[in-house]
Amino acid sequence: MDAGRRDAADLGRSLCIITGASRGLGWALSMVLAPRLMPGSHLVLVARSGGRLQQLEARLLEESPGTGGQVRLSRVEADLSREEGLQRVLDTVTSTEGAPPDRLLLINNA
């Protein structure tokens, strides 16, 4: 493969924010995207249900072990219809360390 080209499944080092991640489409997309994120990526899972986010995190760590060590995983329990919820997500995203990501993926499923 050409060194300048990436595999279609390779999302590069990304900041990926998935809202509505605790069920349905958000849950499914989290499961599909997590193993495709490269080391140094940050996956931010957002939902109103903290318990369901914990279940998703456990499942991701079980099925995509690299997510726990090479990809930063953050859970944000927030109601995005309220300013406080938006601020929680913003605080989490801006706390990302290191070089800027190659991509920003926003899946606004809330």
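The values are calculated or read from the model by the stated rules, or taken from the named source; none is laboratory data. Because the structure is predicted, anything quoted here is derived from the model rather than measured. Cβ sites come from the backbone with ideal geometry, for glycine too, and all protein chains shown count toward neighbours. The accessibility values were calculated without ligands, DNA or RNA, using every heavy atom of the protein model including side chains. Shrake-Rupley method; radii C 1.70, N 1.55, O 1.52, S 1.80 Å.
With respect to the conditions (1) in contact with an Asp or Glu (Cβ under 7 Å, 6 or more places away or on another chain); (2) modelled with pLDDT of 90 or more; (3) open to solvent by 50 Å² or more (accessible area, probe 1.4 Å), Q55 lacks only one, and its number is (1).
Is the stretch 81-89 home to any residue that is among the small types (G, A, S) and open to solvent by less than 70 Å² (accessible area, probe 1.4 Å)? Yes; the residues of the stretch 81-89 include at least one that is among the small types (G, A, S) and open to solvent by less than 70 Å² (accessible area, probe 1.4 Å).
The set of residues from the stretch 1-26 being modelled with pLDDT of 65 or more, part of a loop (DSSP other than H, G, I, E, B) and over 18 Å from G40 (Cα atoms) comprises G20, A21, S22, R23. Total residues in the stretch 27-42 satisfying the condition of being on the phi > 0 side of the Ramachandran plot and free of Cβ contacts under 8 Å to residues at least 12 places away in the same chain: the figure is 0. Screening V44, V76, V71 for residues that are open to solvent by less than 40 Å² (accessible area, probe 1.4 Å), modelled with pLDDT of 95 or more, in contact with a helix residue (DSSP H, G or I) (Cβ under 9 Å, 6 or more places away or on another chain) and under 17 Å from L11 (Cα atoms) leaves exactly one candidate, V44. Residues in the stretch 31-41: is at least one touching a strand residue (DSSP E or B) at 6+ places or on another chain (Cβ under 8 Å) and charged (D, E, K, R)? Checked the stretch 31-41: no residue is touching a strand residue (DSSP E or B) at 6+ places or on another chain (Cβ under 8 Å) and charged (D, E, K, R).
Scanning the stretch 81-110 for residues that are over 21 Å from P39 (Cβ atoms), out of contact with any strand residue (DSSP E or B) (no Cβ under 6 Å at 6 or more places or on another chain) and not polar (S, T, N, Q) returns R82, E83, E84, G85, L86, L90, D91.
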